[in-house]
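Reviewing the structure listed below.
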Amino acid sequence: KDSKKINFHERLKIAEHIKKNSYHSIGVASVEEIQKLNILRATLLSMKRAISKLKIKPQKILIDGNFAPQGLKNCKTIIKGDEKIKCISAASILAKTFRDLLMIKLSKKFDNYSWETNFGYGTKKHLAGIKKHGITSIHRKKFKPIHHMLLKTNF
């Protein structure tokens, strides 16, 4: 099912099972790439990186949503694929778990933003942390709430 609908601890258990029983890889885009490309294009770049790192190359690539990375052959996009197809669900769980654990790690360096509980999403507590402590080098300045805050402070 949708990785966001599984609680964090259960997602960790499932992710470990997936890692032990599959070929998998993670692709990452930097904050700078996200800001330069936009979140969708950076996500597609991350997918392409993950696919290129696989030890065994897939004959068919199934992707959640309606956009696929350019230049890849044999791709099929499936809207709500993570709710319909197990391999897409598995990929979603691995990606979400990787991101959650990264946010927990970053919360130790930047402890004023509640990333260990909100995983970087724009919750009220997270936005309050930004208002009180400012943005960090890993905040996306084009993310609408942050962008609006920056506009207000620049005048």
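The values are calculated or read from the model by the stated rules, or taken from the named source; none is laboratory data. Because the structure is a prediction, the values reported are computed rather than measured. Here Cβ is always computed from backbone atoms with ideal geometry, including for glycine, and neighbour counts include all displayed protein chains. When the accessible area is computed, the model is the full protein with side chains, heavy atoms only, and any ligands, DNA or RNA have been set aside. Shrake-Rupley method; radii C 1.70, N 1.55, O 1.52, S 1.80 Å.
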Give all pairs with beta carbons closer than 9 Å in which a residue from the stretch 119-146 that is over 24 Å from residue 3 (Cβ atoms) meets a residue that is of a type in the set (Val, Ile, Thr) and in a loop (DSSP other than H, G, I, E, B); count only pairs at least 6 apart in sequence or on separate chains. 130/136; 141/135; 146/135
Positions within the stretch 117-155 being part of a loop (DSSP other than H, G, I, E, B), under 22 Å from the mean Cα position of the chain (by Cα) and not basic (Lys, Arg), in sequence order: 119, 120, 121, 122, 123, 135, 136, 137, 138, 139, 143
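This table checks each residue for (1) under 14 Å from the mean Cα position of the chain (by Cα); (2) outside any helix (DSSP H, G or I).
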position: 18; (1), (2): no, no
position: 35; (1), (2): no, no
position: 47; (1), (2): yes, no
position: 69; (1), (2): no, yes
position: 95; (1), (2): yes, no
position: 104; (1), (2): yes, no
position: 107; (1), (2): no, no
Reported set for the stretch 49-62 where residues are more than 13 Å from the chain's Cα centre (by Cα) and either among the aliphatic types (A, V, I, L, M) or closer than 26 Å to residue 106 by Cα (or both) is 49, 51, 53, 54, 56, 61, 62
Report yes if residue 128 is among the small types (Gly, Ala, Ser) and closer than 22 Å to residue 30 by Cβ, otherwise no. no
Members of the stretch 94-119 found to be open to solvent by 10 Å² or more (accessible area, probe 1.4 Å) and closer than 22 Å to residue 25 by Cα, listed by number: 94, 95, 96, 98, 99, 101, 102, 103, 104, 105, 106, 119
Determine if the stretch 133-145 includes at least one residue that is in contact with a Lys or Arg (Cβ under 8 Å, 6 or more places away or on another chain) and at pLDDT 95 or above. no
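Would you call residue 77 among the polar types (S, T, N, Q), open to solvent by 30 Å² or more (accessible area, probe 1.4 Å) and at pLDDT 95 or above? Break it down stepwise before answering.
On the way: among the polar types (S, T, N, Q): yes; open to solvent by 30 Å² or more (accessible area, probe 1.4 Å): yes; at pLDDT 95 or above: yes.
Yes: the conditions hold for residue 77.
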Within the stretch 13-26, the residues that are open to solvent by 50 Å² or more (accessible area, probe 1.4 Å) and closer than 30 Å to residue 137 by Cβ are 19, 24
Restricting attention to the stretch 71-92, which residues are more than 19 Å from residue 5 (Cβ to Cβ) and part of a strand (DSSP E or B)? 75, 76, 77
Go over the candidates 29, 50, 68, 42 one by one and state the one that is farther than 29 Å from residue 135 by Cβ and either of a type in the set (A, V, I, L, M, F, W, C) or open to solvent by less than 30 Å² (accessible area, probe 1.4 Å) (or both). 68
